[in-house]
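Encoded as structure tokens, the structure appears first; notes follow it.
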Amino acid sequence: MTSDTKAIFDALADPAIDWNRLLTEILAAFDCSTGTIHTLDRDSQLLHLKAYQGIPEFLLPKMTVIPIGKGMAGVAAERKRPVQICNLQTDESGVARPSAKETKVEGSITVPLMLNGQLYGTLGIAKPVPYEFTPEEEEILMEIGDAISRKIVSQQE
């Protein structure tokens, strides 16, 4: 991973969130090929897809709306902490949904978008090779999640 997260925070400085640009910058900073950003609908308590890259089109219907507790995004949202799998292709933990293997990614992490203990969504990124994200990378991703959550809150006001 490059430690340069400036482009991510520059993308968040724009008045409106360009979800696709934001995800592109995050993937570049962490040298990842695949990613998703979901936001939480407070009323339904469902995660809604805002941006994606590297996801096969046939999987999108399964990823557009995710219940809390289901799949990596749902589990990260439920636990309010990062969930990672070193190799999604061989994982048997049950956290990732079986269809997730069809993304062809291996090292993956999903972090909750949190601010002041409140959940605002999830950010998931993945590499095409086995990989374990470091505690430092987790921390940076959580800081990015905090910044995204602040942006979501400011847009709701």
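Select from segment 114-157 the residues that are buried (at least 16 other Cβ atoms within 10 Å of the Cβ), among the small types (Gly, Ala, Ser) and over 13 Å from the mean Cα position of the chain (by Cα) and list them in ascending order. Selection gives Ala147 alone. Of the residues that sit in segment 138-157 and are in contact with a strand residue (DSSP E or B) (Cβ under 8 Å, 6 or more places away or on another chain) and within 19 Å of Thr24 (Cβ to Cβ), which one is modelled with the lowest pLDDT? Taking the candidates together, the pick is Ile152. If you filter segment 66-95 down to residues that are open to solvent by less than 20 Å² (accessible area, probe 1.4 Å) and closer than 13 Å to Gly107 by Cα, you find that the one that is modelled with the highest pLDDT is Val83. Here Leu119 meets the list (1) out of contact with any Leu (no Cβ under 7 Å at 6 or more places or on another chain); (2) at pLDDT 90 or above; (3) farther than 18 Å from Ala29 by Cα; (4) not polar (S, T, N, Q) almost entirely, failing just condition (1). Scanning segment 32-91 for residues that are hydroxyl-bearing (Ser, Thr, Tyr), under 21 Å from Arg21 (Cα atoms) and not in a strand (DSSP E or B) turns up Ser33, Thr64. Each residue in segment 10-30 was checked for being among the hydrophobic types (A, V, I, L, M, F, W, C), outside any loop (DSSP other than H, G, I, E, B) and surrounded by 13 or more Cβ atoms within 10 Å (Cβ to Cβ), and 9 pass.
The values are calculated or read from the model by the stated rules, or taken from the named source; none is laboratory data. Note that the structure is a prediction, hence the values are computed from the model and not measured. No Cβ is skipped: glycine too gets one built from the backbone with ideal geometry, and neighbour counts run over all protein chains shown. Ligands, DNA and RNA are stripped out before the accessible areas are found, and what is left, the full protein with its side chains, is counted by its heavy atoms. Shrake-Rupley method; radii C 1.70, N 1.55, O 1.52, S 1.80 Å.
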